[in-house]
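Read the structure below first, then the notes.
Bear in mind these aren't lab numbers, they're just calculated from the coordinates by the rules spelled out. In this text, all values refer to a predicted model and were calculated from it rather than measured experimentally. Counting neighbours? That spans all protein chains shown, and the Cβs are built from the backbone with ideal geometry, glycine included.
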Amino acid sequence: MDCIVTLDIGTTKVKASAFDMSANLIGWRQGTYPTFHPQPDYSEQDSEQIFLTVLYALKSLLNDELGKKYHPSALVFGASMHSVLPIDKQGVPLRNAVIWADNRGRNEANALKQAPEGKLIYEATGTPLHPMSPLAKICWFHNHTPPTWFEKVYKFISIKEYVIYQLTGQLVIDHSIASSTGLFNIHTLTWEKLALDFAGIKPQQLSELVPIDFGELKLKKEYVRLFRLTSATKVIVGASDGCLATLGAGVVTEGDATITIGSSGAMRVAGNQVIQDSQQRFFNYLLTKGKYISGGPTNNGGVVFEWFVQQFGTSGIHLDMDYTIKQLLMEAERVPAGAGGLLFLPYLLGERAPLWNANARGAYIGANITHERRHFIRATVEGIVYEIYSIGKLLQQYRSIQNLYINGAYATLPLFAQVLSDVFGKTVYINDKHDSASAGAALLGLTHLGIFKDLEDAARTIRSVETYQPNLTHHERYGRFAEIFERLSYKLSEDFDALVALQTP
Amino acid sequence: MSPFVQQLTSLAEFTHIKELIRLKNPIVKLLEWPVRIQSGIKVLCVLEGKFEWIIENKLHFLYPNDVVVLCPGQSLGSPSGTLEIGSLAWITLQPESFELHKELALGKWSAINDNDQKLLGRLLVSHSPVVLNNLKQPYELLQRIENEIKQTEFAYQVRVNQLIDELIVTIVRQLSQQQNQRRDFPQAFAQLEQMLRDSLDHPWTVEEMAAVVGLGSTAFTEKVKAFSGFSPLNYLINIRIAEAMKQLRQSQKSLTDIALDTGFYSSQHFSTTFKKLTGYTPGQFRKRGQE
């Protein structure tokens with residue numbers, strides 16, 4: 001039987017999945033790898049280890065899980081955005097890959113924000129001027145490495161390009177990943193000269209640009225053998241995980257939005273136009289030509305709830321996080337909406353959208369003598385959701401949103417899902433395909449093979465299996481909290497700065 | 001040694017015990033307790049009082065029943081040099097070898113097997129500084145060691161060494177558990193991963209890796225598979241081959257040296273594993289980088 005194989009190269013793991021020709025999941029295998037923090041602001045990964053984990057996940061999926069029954073018609077790639085890996089002329093990495101969470105380019109991003117070309121670059125590239133952007137990272141390399149080293153860099157590529165290069169020997173970058181580099185003009189689909197000049201690099205130092213359904217990649221014969229494939233299997237470059245997850249949630253046209261809460265979070269909409277926000281609070285990434293995925297990312301998703309569980313969740317069961325999470329959420333269910341007036345600002349990791357304030361910090365406000373641990377648990381959940389809502393509220397100034405599709409390990413937990421529905425006052429849907437990034441890659445592959453007419457047609461195959469209806473009394477009450485939440489987030493900014501100064505040794 | 005320190009007893013017969021001391025300090029003493037570099041492995045128990053010390057460049061607040069374990073070369077003392085009111089007891093062991101980047105060997109007196117001794121050394125370094133809260137057994141063991149040495153009953157030498165081993169085992173088990181009580185598995189695993197990378201050439205066993213995380217081997221293997229997708233040994237091999245890939249392309253080292261460096265006992269074993277995982281032999285892979 002024919003099938004489609006997708007590979008999602010994420011922040012903590014790589015996942016190889018197989019789908020049948022109607023986009024139903026057949027099976028998957030995954031492998032994890034670590035992130036290194038040699039300094040507080042640094043987040044790096046070992047590209048060789050990632051590549052080996054890719055080989056392992058693909059090999060065990062293709063050789064063990066699928067066996068002889070299935071024949072992959074295509075292999076499609078998806079990956080995290082914003083990574084930078086400098087390689088030399090032989091294609092050898094000159095250091096570890098610097099990933100999205102890395103903040104070393106803080107000063108470079110600020111300088112760019114202040115520079116006259118900053119606004120033009122944001123409008124042309126769609127990527128917020130932030131240390132996550134490869135543009136800021138390459139500037140950092142320029143400013144902090146000896147010229148002899150910088151000249152040795154043959155190309156700056158991403159982790160995804162490296163994996164594809166290892167497998168095929170071809171150095172290409174798809175339009176979608178390119179649109180997250182801060183170096184790519186999302187309107188003309190070419191490298192943006194203003195941005196490249198600012199970074200101090202030439203277009204030759206970046207990979208060749210290709211559309212996301214580019215299928216002219218050829219696996220090296222060693223890998224064809226290792227994976228037991230034939231040369232008939234198409235290798236398709238694919239897109240970024242954020243854009244694929246939106247497609248895989250069935251959202252490709254205006255009117256709908258996706259909310260993801262995993263370890264971090266994001267709210268995204270799709271459309272044929274970019275969102276031009278004068279305060280530069282949104283990203284505009286490219287799914288495919290003329291199809292933009294816009295929205296805002298938050299640092300403080302499930303990772304904040306995990307922090308709470310580690311610090312305040314006392315579980316008798318050794319190392320079992322999932323069990324403790326369930327117990328705490330059950331406690332929180334016994335508290336009425338609004339956590340008895342206890343409000344939480346979740347900015348433990350600083351914040352991106354909509355504040356874009358790296359110095360923002362967390363706070364519980366409104367505590368009184370009757371509050372118990374369960375109020376704090378509920379306030380933590382609600383705070384994470386208010387933050388997503390503050391992104392959503394701004395997005396709705398530009399787009400009308402009818403339906404919300406939620407995904408990610410945290411958003412789909414019943415309490416989170418209900419609070420999301422209540423706070424937004426909208427019906428919330430959970431789809432049959434839990435891993436929307438892989439599903440999106442499969443839809444892209446199937447469209448390329450002609451099974452679907454276009455991406456809109458493909459997106460229609462996604463079905464919702466669970467819905468949450470908003471409680472309008474809760475919605476009205478949450479609205480008042482959301483107002484206070486938003487006011488405090490901006491009002492406390494001076495005090496955040498002062499506290500951060502005290503937190504830095 | 002200051003006059004307030006009472007050397008518990010004569011240790012002439014135990015060359016591996018450098019000191020066994022009980023210190024009772026009735027008044028605040030200035031300049032008595034500066035930050036000092038320690039020699040030997042020191043197990044220090046707080047009995048009374050509250051102490052504010054710098055241990056390995058970080059401020060710690062210590063209360064009765066807290067236990068500090070220091071490795072040779074690590075530092076401890078009060079930031080102002082003041083010794084506060086209270087009492088302490090400690091034992092300092094002189095290991096046969098435990099220099100920087102060298103594996104720990106306690107000496108022939110210990111019945112703990114060589115591999116577990118090496119693991120002990122690695123655990124102490126990776127969890128440094130070791131501060132265990134609210135643990136009574138170490139001081140009880142110190143008291144029993146003292147009594148044995150004082151009373152010189154039948155075969156007391158054997159008993160003393162057994163008690164020291166007991167002290168070490170108690171500390172290691174408590175260490176893995178305390179470290180993990182509040183942590184989720186991914187964090188415990190990240191710490192293990194760092195240890196694996198720091199001594200890639202060590203012939204790690206699943207039992208050793210499990211001990212680092214504070215789990216039995218069966219539970220450990222299950223957790224690693226669920227979390228990482230790999231069995232513990234496959235995960236280790238993955239790290240080894242990733243390091244080998246780097247060395248093959250970035251250094252001129254011989255294949256045999258790279259194999260040994262990354263924990264493969266022969267270049268044959270290295271080549272087959274490398275080919276199985278990457279589709280290339282190490283030689284082909286190196287050449288490919290030079291094209």
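What the table shows:
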item: C-alpha long axis of helix B:137-151 to longest principal axis of chain B, angle in °; result: 60 degrees
item: Qualifying lysines (Cα of each under 18 Å from Cα of B:Lys108; at least 8 residues distant if same chain); result: B:Lys18, B:Lys118
item: Set A:Lys59/A:Lys137; A:Lys59/A:Lys291; A:Lys89/A:Lys193; A:Lys69/A:Lys289; A:Lys119/A:Lys291 screened for pairs whose C-alpha atoms are more than 27 Å apart; result: A:Lys59/A:Lys137; A:Lys59/A:Lys291; A:Lys69/A:Lys289
item: Net charge of neighbours whose Cβ lies under 13 Å from the Cβ of A:Gly450, counting Lys and Arg as +1 and Asp and Glu as -1; result: -2
item: Dipole magnitude of the range A:2-243 about its Cα centre (Cβ charges: Lys, Arg +1; Asp, Glu -1), debye to nearest 20; result: 500 debye
item: Cα-based shape type of the range B:184-291, given that a ≥ b ≥ c are square roots of the gyration tensor eigenvalues and the cut on a/c is 1.5; result: prolate
item: Under-26-angstrom lysine pairs by C-alpha in the range B:136-291, whenever the two are 8 or more apart or on separate chains; result: 13
item: Protection-proxy order for peptides A:198-208, A:464-474, each taking the mean of Cβ atoms within 10 Å per residue, highest first; result: A:198-208, A:464-474
item: Mean separation of Cα contacts under 8 Å (6+ apart) over length of chain B, as relative contact order %; result: 13 percent
item: Likely footprinting exposure, A:Met21, B:Met195, fewest C-beta neighbours within 10 Å first; result: A:Met21, B:Met195
item: Length-normalised contact order of chain A in % [C-alpha pairs under 8 Å, at least 6 apart]; result: 14 percent
item: Cα-projected label distance for B:Leu135 with A:Asn107, points at 7 Å along beta-carbon direction, nm; result: 4.3 nm
item: Cleavage-rule hits, trypsin sites (Lys or Arg not before Pro), the range A:22-120, DSSP coil, Cβ neighbours within 10 Å at most 16; result: A:Lys68, A:Lys69, A:Lys89, A:Arg95
item: Prolate/oblate/rounded label for the range B:5-181 (Cα gyration tensor, a/c 1.5); result: oblate
item: Label point distance in nm, A:Glu372-B:Tyr156, each placed 7 Å from Cα along Cα→Cβ; result: 5.7 nm
item: Most mobile listed residue (B:Asp114, B:Asp66, B:Asp257) in chain B, GNM with C-alpha springs under 10 Å; result: B:Asp257
item: Modelled FRET efficiency - R0 51 Å, A:Ser231 with B:Ile85, Cβ distances, 0.05 increments; result: 0.05
item: Per-pair calculated FRET efficiency, R0 = 22 Å: B:Lys287 and A:Lys218 via Cβ, rounded to 0.05; result: 0.65
item: Trypsin sites (Lys or Arg not before Pro) within the range B:106-183, DSSP loop, no more than 12 other Cβ atoms inside 10 Å; result: B:Lys108, B:Lys136
item: Candidate aspartates and glutamates for bridging to A:Lys218, where Cα separation is under 15 Å - those fewer than 8 sequence places away on the same chain excluded; result: A:Glu161
item: Helical mean residue ellipticity (222 nm; -39500 (n - 2.57) per DSSP H run of 4+; nearest 500) of chain A; result: -11500 deg cm²/dmol
item: Inter-label distance, nm, simple model (7 Å from Cα along the C-beta direction), A:Asp2/B:Asn57; result: 6.0 nm
item: Reachable lysines, given that their alpha-carbon falls under 21 Å from the alpha-carbon of A:Lys433 and they are not under 8 places away in the same chain; result: A:Lys13, A:Lys15, A:Lys453
item: Number of partner chain Cβ atoms within 10 Å, mean per residue of A:87-94; result: 3
item: Chain B, helix-only ellipticity at 222 nm - DSSP H runs n ≥ 4, -39,500 (n - 2.57), divided by all residues, nearest 500; result: -15000 deg cm²/dmol
item: Listed residue (B:Leu120, B:Val224, B:Ile21) projecting farthest to the positive dipole end of chain B, Cβ model; result: B:Val224
